[in-house]
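The values are calculated or read from the model by the stated rules, or taken from the named source; none is laboratory data. Since the model is a prediction, treat every value here as computed from it, not as a measurement. Positions of Cβ are generated from backbone atoms using ideal geometry, with glycine treated the same way; all protein chains shown enter the neighbour counts.
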């Protein structure tokens with residue numbers, strides 16, 4: 001504490017300058033009845049050395065992904081963030097600045113965020129991108145409320161949106177919380193047994209305010225059918241696609257197959273997983289949604305001398321101006337993490353992104369090839385193309401398999417019965433640019449052993 | 001001016017990568033999904049990239065650059081060890097779906113934070129999930145909504161906010177589906193109990209208010225306000241944006257609030273990062289605990305068979321879903337990295353968080369006094385008046401420059417720009433809305449007396465400045481006054497490649 005308060009020990013001098021004699025005088029306006037008397041019942045202060053020692057000890061009790069052979073992903077994949085990103089982000093001018101409300105002394109962050117908007121806009125091939133929302137889940141939720149604002153007046157299915165039935169319950173829950181206040185009805189889009197979107201029933205969603213699907217979908221499937229969605233649902237219904245941003249080094253940008261809004265979890269570009277936050281949500285859209293979009297946006301302008309300058313713009317959508325009529329309540333966002341994203345994207349360049357996508361995809365394909373050689377397990381969607389992850393159907397409960405793999409030093413994947421209770425035997429295994437060929441061999445060997453050991457008792 | 005997109009090195013320039021673990025010539029991609037044109041990203045080598053962002057950083061002002069008295073934002077120093085801790089693999093390289101036995105360390109810190117935040121605010125249960133103050137507000141309002149639904153009181157559709165409230169308050173309540181009733185403040189900015197009495201009723205769900213108010217003034221009648229709302233069957237929500245003023249001195253719980261959000265990026269020093277990330281945990285009284293977003297961290301005595309680690313010799317930490325949870329507001333467990341930084345900050349103070357708040361209030365009052373004293377001495381004391389005429393303020397204060405605007409045509413924004421020329425970040429301008437030509441100052445506890453003395457002198461110099469010069473300000477900054485109307489009328493929201 002003593003190293004944080006410059007005026008410790010000078011209180012008397014400062015109080016006397018104001019004609020006061022005690023610190024209590026500063027709080028004379030707090031009525032006796034609502035005062036807290038005595039000390040806070042908390043521990044004593046620590047020095048920096050003690051704090052970092054405790055942090056190392058306590059956080060050292062965790063098992064970091066890097067300590068194990070890891071196949072857990074489910075939307076957040078282990079990645080490598082270049083060292084220069086971490087070094088640059090500690091610059092105090094970025095780290096310790098606030099929202100750039102005074103543009104004349106905030107050109108650095110404003111320009112960086114304008115560049116971020118450009119990088120995202122190019123990545124997804126849509127005209128407009130904001131400078132981040134909280135994460136992929138809130139980005140999806142905000143996109144859906146935005147779609148309702150834009151389309152509800154002319155919609156034949158008023159206050160109605162459709163979302164993929166495959167979405168993880170946590171993502172659905174966020175969407176429900178964000179949309180329930182507007183009285184929005186959420187319906188689900190069916191998928192075929194091979195995991196792709198059922199296009200035959202999709203016309204049910206025409207006339208609603210918007211639909212939300214993901215590419216790759218939550219089972220890791222790259223769904224070519226999504227390129228036909230917009231012609232089926234029509235112009236009056238927003239086509240919202242959630243993406244894995246790195247995949248777009250190989251996979252067509254949704255803006256090029258009719259998406260009106262593209263959202264996604266930005267983490268793979270620039271940020272460690274950090275136990276699920278802070279991350280950053282990508283939000284991009286066509287011009288038609290611009291004035292109803294959430295969050296901050298930077299525009300290029302000029303100063304009084306006519307030189308190029310940047311500032312926040314279209315703020316009249318936002319809570320500090322529009323208050324209860326704002327397009328969203330978002331104020332604090334994820335700017336610094338988005339900046340890390342911009343730095344990572346800048347270093348990658350177009351070919352670097354393509355190569356990173358190839359590495360992710362190759363790891364997934366190699367794993368699919370190896371695991372499909374195990375006779376006692378199945379890969380239900382094996383005929384589809386996958387990115388980062390796919391489902392393995394085991395001859396026993398996924399939870400048992402994960403427990404076994406844990407004893408062998410592997411974080412074996414995700415038990416999909418958490419998402420789909422009837423799928424007790426579905427294991428979601430994930431692979432990224434960080435996955436080694438030897439690790440895939442190890443997983444294959446252990447899965448073969450475990451599967452063989454439980455196979456005789458399998459009940460179909 | 002240097003543009004990122006003017007770096008057009010050879011293909012593949014930038015950061016090198018290992019080879020793929022298998023050949024990539026024949027990757028399986030549905031034919032309709034093969035990307036035809038790569039994004040028009042720039043091509044930079046590492047030295048070019050490092051120089052670009054370093055150059056940008058020199059065009060930005062942070063707390064590390066200089067005094068940042070931005071009211072309502074609590075721009076305090078960010079201890080650097082917190083950044084080192086947040087990058088340890090035991091947090092940075094952790095996945096939110098890992099099983100509990102692999103994350104006992106993180107769960108123990110979360111538990112400690114839940115307990116600490118509960119104690120500081122006088123609340124019974126805490127969730128760390130909301131990732132920003134506004135999301136905390138929204139989360140608490142959703143808890144109120146489910147609480148009333150369960151009690152069969154869904155007719156409570158109105159949320160009361162004072163006209164001095166932060167914009168997020170009405171925006172968050174509106175997002176949850178509530179109708180907003182705005183009540184006027186008294187002349188001195190304090191809550192008008194008669195106005196409150198006039199609007200409460202069977203349809204009142206909640207009142208949202210911050211104390212000290214956005215004018216930096218403690219509401220002496222807060223307990224009465226809580227009584228009025230409670231008597232009508234409503235809930236009281238505490239906007240924690242101004243919590244830095246009162247730790248250990250009073251608490252929302254003592255004042256009669258039912259729920260509160262904490263801005264870890266204000267009170268607990270998570271760096272603001274140019275606008276985020278933040279973290280907005282909420283605390284609630286026991287009757288609302290069952291509705292919190294899930295899961296929250298609990299602990300139980302360790303049992304035989306639990307896997308021992310260095311942190312759980314006595315306790316086993318685990319996630320638990322509240323019984324009637326509203327569900328999730330963020331997909332994972334909130335901004336854990338911010339929570340860890342704030343834990344490190346808390347450990348630095350412990351129970352002396354009270355001293356922290358005392359110094360925040362000491363500095364605000366001292367700066368206010370010094371500005372007034374200096375302005376009187378220089379004969380410009382008549383050019384502004386108190387936003388709220390009180391003897392003491394809390395962690396921030398407001399001044400109205402309406403008299404100066406009237407006298408010589410110089411308003412709060414001109415003064416703000418003049419301050420930029422003196423090397424300072426400007427205080428918050430034009431907020432709260434109820435004070436005309438308002439400037440709101442919040443020095444925080446981490447500024448020295450010398451900084452405050454110097455600022456008071458420079459500030460008054462600005463007030464004495466020739467109006468023509470101030471209309472031109474700033475002149476020493478990297479760019480001069482930026483035309484925000486031009487930006488809105490000529491929208492250029494990304495690099496115009498076609499202008500090349």
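Worth pointing out:
- Residues located in the range B:1-20, provided they are more than 7 Å from every other protein chain (Cβ to nearest Cβ), at pLDDT 90 or above and in a loop (DSSP other than H, G, I, E, B): B:3, B:7, B:18, B:19
- Single residue of the range A:387-418 satisfying the filter (part of a loop (DSSP other than H, G, I, E, B) and under 24 Å from residue A:361 (Cα atoms)) that is farthest from the chain's Cα centre (by Cα): A:394
- Index of the failed condition, residue A:255 passing every other in (1) more than 16 Å from the chain's Cα centre (by Cα); (2) facing chain B (nearest Cβ under 9 Å): (2)
Per-residue answers, yes or no, for (1) farther than 29 Å from residue B:484 by Cβ; (2) part of a loop (DSSP other than H, G, I, E, B):
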residue: A:121; (1), (2): no, no
residue: A:131; (1), (2): no, yes
residue: A:146; (1), (2): no, no
residue: A:149; (1), (2): no, no
residue: A:155; (1), (2): yes, yes
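- Qualifying positions in the range A:302-361 - in contact (Cβ under 8 Å) with a residue 24 or more places away in the chain and assigned to a strand (DSSP E or B): A:303, A:309, A:310, A:311, A:312
- Of all residues in the range B:423-466, those satisfying the criterion of being assigned to a helix (DSSP H, G or I) and buried (at least 21 other Cβ atoms within 10 Å of the Cβ) are B:452, B:455, B:459, B:460, B:462, B:463.
The rows are residues; the columns are (1) more than 7 Å from chain B (Cβ to nearest Cβ); (2) assigned to a helix (DSSP H, G or I).
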residue	(1), (2)
A:5	no, no
A:29	no, no
A:40	no, no
A:43	no, no
A:50	yes, yes
A:59	no, yes
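- Test: residue in the range B:264-277 that is out of contact with any helix residue (DSSP H, G or I) (no Cβ under 6 Å at 6 or more places or on another chain), touching a residue at least 60 places away in the same chain (Cβ under 8 Å), within 21 Å of residue B:196 (Cβ to Cβ) and in the same structural domain as residue B:147 (by TED's automatic domain parsing): no
- For the range B:266-287, filtered to residues that are more than 14 Å from chain A (Cβ to nearest Cβ) and crowded, with 23+ Cβ neighbours inside 10 Å, the residue that is farthest from residue B:445 (Cα to Cα) is B:284.
- Selection count, the range A:89-108, where residues are over 21 Å from residue A:277 (Cβ atoms) and either in contact with a strand residue (DSSP E or B) (Cβ under 7 Å, 6 or more places away or on another chain) or modelled with pLDDT of 95 or more (or both): 11
- Looking only at the range B:148-165, and only at residues there that are under 28 Å from the mean Cα position of the chain (by Cα) and crowded, with 23+ Cβ neighbours inside 10 Å, the one that is farthest from residue B:72 (Cα to Cα): B:159
- From the list A:158, A:127, the lone residue that is in the same structural domain as residue A:288 (by TED's automatic domain parsing), at pLDDT 95 or above and under 24 Å from residue A:349 (Cβ atoms) is A:127.
- Pick from the range A:366-386, criterion in a loop (DSSP other than H, G, I, E, B) and without any contact (Cβ under 8 Å) to a residue 24 or more places away in the chain, ranking: surrounded by the most Cβ atoms within 10 Å (Cβ to Cβ): A:379
- Criterion (on the phi > 0 side of the Ramachandran plot and over 26 Å from the mean Cα position of the chain (by Cα)) met by exactly one of B:379, B:334: B:379
- Number of residues in the range A:87-99 that are touching a residue at least 24 places away in the same chain (Cβ under 8 Å) and at the interface with chain B (Cβ under 7 Å from one of its Cβ atoms) equals 4.
- Residue B:324 meets all of the listed conditions (1) touching a helix residue (DSSP H, G or I) at 6+ places or on another chain (Cβ under 6 Å); (2) free of Cβ contacts under 8 Å to residues at least 60 places away in the same chain; (3) not in a helix (DSSP H, G or I) but one, namely (2).
- Taking the range B:478-489 as the range and being over 21 Å from residue B:401 (Cβ atoms) and assigned to a loop (DSSP other than H, G, I, E, B) as the test, the residues that pass are B:478, B:479, B:480, B:483.
- Put simply, of B:201, B:189, B:177, B:216 the only residue that is surrounded by fewer than 22 Cβ atoms within 10 Å (Cβ to Cβ), within 27 Å of the chain's Cα centre (by Cα) and in a loop (DSSP other than H, G, I, E, B) is B:177.
- Helices (runs of 4 or more DSSP H) contained entirely in the range B:26-107, each with at least 2 residues that are within 23 Å of residue B:244 (Cα to Cα), touching a residue at least 12 places away in the same chain (Cβ under 8 Å) and more than 7 Å from every other protein chain (Cβ to nearest Cβ): B:81-86
- The set of residues in the range B:160-199 being more than 9 Å from chain A (Cβ to nearest Cβ), at pLDDT 95 or above and within 21 Å of residue B:132 (Cα to Cα) is empty.
- Test for residue B:64: is it in contact with a helix residue (DSSP H, G or I) (Cβ under 6 Å, 6 or more places away or on another chain) and under 29 Å from residue B:478 (Cβ atoms): yes
- Qualifying residue in the range B:125-139 (condition: under 23 Å from the mean Cα position of the chain (by Cα) and surrounded by fewer than 24 Cβ atoms within 10 Å (Cβ to Cβ)): yes
- Screening the range A:145-188 for residues that are more than 9 Å from every other protein chain (Cβ to nearest Cβ) and within 24 Å of residue B:144 (Cα to Cα) and picking the one that is surrounded by the most Cβ atoms within 10 Å (Cβ to Cβ) gives A:175.
- Any hit, the range A:345-365, residues being buried (at least 24 other Cβ atoms within 10 Å of the Cβ), facing another protein chain (nearest Cβ under 7 Å) and at positive phi: yes
- One residue stands out among those in the range A:69-85 that are in contact (Cβ under 8 Å) with a residue 60 or more places away in the chain and over 19 Å from the mean Cα position of the chain (by Cα): the one that is surrounded by the fewest Cβ atoms within 10 Å (Cβ to Cβ), which is A:84.
- All positions within the range B:387-422 that are within 14 Å of another protein chain (Cβ to nearest Cβ) and outside any loop (DSSP other than H, G, I, E, B): B:397, B:412, B:413, B:414, B:415, B:416, B:417, B:418, B:419, B:420, B:421
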